[in-house]
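Asker: I have a structure I would like to understand better, so I am pasting it below and will then ask my questions one at a time.
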Amino acid sequence: METKLIYQDEAGLFQAFRSGEEQALTSIFHQLYPSLCYFGFTITGNQLVAEEIAEDAFVKIWQRRNIFEKLRQLKSYLYSTVHNDALNWIKKNKNRLEKDQNYSRQLQFSEANKLELIIESETFRQIFTALDKLPPQCRKVITMIFLEGKKVRQVAEELKVSQGTVKTHKARGILLLKKQIPTLLMLYSLLI
């Protein structure tokens, strides 16, 4: 069950977290966990390991919540922890992974492109957060077209609506996303 709590701003959320409010931790977890899993997966190549590493990172920040001064510092710590723990996992499983041709590529890629991976993970987090705020039909259409790669005709058939309705929801969804994420226009132009 997902709990969505609304704090007045990030500062309020962070203060609640530092004060030990578990609901604030839950809110931060829901915001950052998917992108941290993605980040960990790009390093390890293993989804279950990435999820476990991300979960452990949240345990660590909860135990050390008083050392953080800002939410940005907390996010940085989470990404660094996931990065380091993922590399440690790769090193610990080196013998098993050496059989996999991707092992050396993964290790080199993760070291060289840490910042790129963080930016990519954060971009995905912002996009999915913005998607969650769309009206249900717009969200469904945008997801089916852009994430599942379906054509307008296929979406219309599955949703049992006209192609014009699908196009309208698509256009409205894109417009709403552009307002939420200013850089989405650039990302959208890369998708089409």
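Taken together, the values in this text are just the output of simple stated rules run on the coordinates, not laboratory data. These numbers come from a predicted model, not from an experiment. Glycine also receives a Cβ, built like all others from the backbone with ideal geometry; neighbour counts cover every protein chain displayed.
Asker: Please give the net charge around Asn66, taking every other residue with its beta carbon less than 14 angstrom from that of Asn66, where Lys and Arg add +1 and Asp and Glu add -1.
Answerer: +3
Asker: How large is ³J(HN,Hα) for each residue in region 41-56, as worked out from phi by the Karplus curve 6.51 cos²θ - 1.76 cosθ + 1.60 (θ = phi - 60°), to whole Hz, x for Gly and Pro?
Answerer: Whole-Hz 3J(HN,Hα) from phi for region 41-56: 5, 5, 8, 8, x, 10, 5, 5, 5, 4, 5, 5, 5, 5, 4, 4.
Asker: Ordered by residue, what ³J(HN,Hα) values in Hz, to whole numbers, does region 19-28 give under the Karplus form 6.51 cos²θ - 1.76 cosθ + 1.60, where θ = phi - 60° and Gly and Pro are x?
Answerer: 6, x, 6, 5, 5, 5, 4, 4, 5, 5
Asker: Next up: Among the listed pairs Lys140/Lys179; Lys150/Lys170; Lys133/Lys178; Lys75/Lys179; Lys140/Lys167; Lys70/Lys178, give every one whose C-alpha distance is greater than 21 Å.
Answerer: Numbers: Lys140/Lys179 18 Å; Lys150/Lys170 12 Å; Lys133/Lys178 12 Å; Lys75/Lys179 24 Å; Lys140/Lys167 12 Å; Lys70/Lys178 28 Å.
Violating the 21 Å Cα-Cα cut-off are Lys75/Lys179; Lys70/Lys178.
Asker: How far, in nm, would the chain grow between Lys167 and Lys94 when pulled straight, counting 0.36 nm per residue and subtracting the alpha carbon separation?
Answerer: Values: separation 73, 0.36 × 73 = 26.28 nm, distance 4.94 nm.
Gain in length upon complete extension: 21.3 nm.
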